[in-house]
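Have a look at the structure below, then the notes.
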Amino acid sequence: MTKLVVYTSFSFILDTFDISLRTKFADEHFHLITFRDHPKMVFEHIKKETEAGERSADIIIGPHWMILNLQLSGLLRPYDSPEYEAYPKEFYDPKGAWCAMALSPVGMAYNTDLVSEKEAPNTLSEALDEKWRGKLAAHEITNNVEGQMGLTYLTALRRIIGEKRWSDIVARLADMKPTTYQCMPEMALNIGLGNSHLGLPATLACISYYLDIQGRPVAHKMPTDIPYMASFAPTIALVAGGENPEWADRAFNFALSEDWQSRVEGLGGKIPTRPGVAFSNPIPDDAQYFPTLEDAANIPKNLEILREKLA
């Protein structure tokens, strides 16, 4: 039996990818086996299987920070995809091997019933103003049980804006004592429910379900006092412990193809990574894509620093 084992924290995108892959290879039969959970759980699942000498996933589809953690742990295998030549070099790593599957801007989210567009903060500094005390939400930063975007965002921000500004933002965030959520979509839902008025960081991809499908009063806004920040949401990668490399390579190449990338804009809050495919929501040329492999390597050190500053 031909199998393809895929682990993911992006269930919705996997379902669409599965159907599209079967359409691409309509004359061939394969059995798709999946494991789905929050990113931290997916990472630990792969790690435990590998340490036990068991077969793991062929492909992993997840947030970029998690893919880089797998690369740093030696859990990805190299592959030189023929599709790489169409992509900017910061969008892939053949040594990994991974490639950005979709893009998402990372900024702030707010409740449009409780906060008017005019009142919504334009900057990260304004979002940490006293007026939002008791109304501000944040993705969990130092106690990462399910995800790690809050910590990853602050780690990248330190590199991007410099130590002085970063320390000021962290001090103000600590003083605000925001309501924290382990899961970013849960944060988006609670903003939509009015339990928090404003939240950060927020990817457009994470709030899109509540905006586009549930019709919640949630809007996304990019702060103007820092560089435009975007992440790969998700990234697709090849796992070293998989047993079906031929089908893994096929699926990986398909994810980077013009065929699949032309479908990405219909998946809610996501922008195709393949140049020339996106028709709306373009990301500026000077955008900062994060995390880098350097950011990922610095996360443990930043976690200790932030635990002290946010205590």
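Data for the structure
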| quantity | calculated |
| --- | --- |
| Separation in nanometres of the label points that stand 7 Å from Cα toward Cβ, at Asp37 and Lys177 | 3.3 nm |
| Full-stretch length increase - Asp259, Phe30 - with 0.36 nm per residue and alpha-carbon distance subtracted | 80.5 nm |
| Sites Thr224 and Thr292, calculated FRET efficiency, Cβ-Cβ separation with R0 22 Å, nearest 0.05 | 0.45 |
| Segment Ser73-Leu114, length gained on full extension (0.36 nm per residue, minus Cα span) | 10.4 nm |
| Reachable lysines from Lys309, criterion Cα separation under 29 angstrom, eight or more residues apart if same chain | Lys40, Lys131, Lys135, Lys164, Lys177, Lys221, Lys301 |
| Extended-chain gain in nm, criterion 0.36 nm per residue less alpha-carbon gap, Ile283 and Glu54 | 78.4 nm |
| Residues with amide H under 5 Å from that of Thr112, placed H, sequence gap 5 or more | Val218, Ala219 |
| Estimated 222 nm signal from helices in the chain, with DSSP H stretches of n ≥ 4 weighted -39500 (n - 2.57), rounded to 500 | -11000 deg cm²/dmol |
| Per residue accessible area of the range 189-237, 1.4 Å probe, in Å² | 32 Å² |
| Beta bridges per DSSP with both ends in the chain, % antiparallel, nearest 5 | 55 percent |
| Between the range 148-221 and the range 257-286, the Cα center-to-center distance that results, in Å | 23 Å |
| Euclidean distance of C-alpha centroids, the range 1-31 and the range 77-104, integer Å | 19 Å |
| Two-site label geometry, Lys309 and Gln214: point separation in nm, points 7 Å out along Cα→Cβ | 3.1 nm |
| Accessible surface, per residue, of the range 108-154 when the full set of protein chains is kept, probe 1.4 Å, Å² | 41 Å² |
| Aspartates and glutamates with Cα under 19 Å of Lys47, excluding same-chain neighbours fewer than 8 positions away | Asp37, Asp58, Glu146, Glu243 |
| Ranking by accessible area, most exposed first, for Lys177, Lys47, Lys221 with a 1.4 Å probe | Lys177, Lys47, Lys221 |
| Carbon and sulfur %, accessible surface of the chain computed with the full protein complex present, 1.4 Å | 49 percent |
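The values are calculated or read from the model by the stated rules, or taken from the named source; none is laboratory data. Just so you know, these numbers come straight off a predicted model, no measurement behind them. As a convention, Cβ positions derive from the backbone with ideal geometry for all residues, glycine included, and neighbour counts pool all protein chains shown. Only protein heavy atoms, including side chains, enter the accessible area calculation; ligands, DNA and RNA are left aside. Shrake-Rupley method; radii C 1.70, N 1.55, O 1.52, S 1.80 Å.
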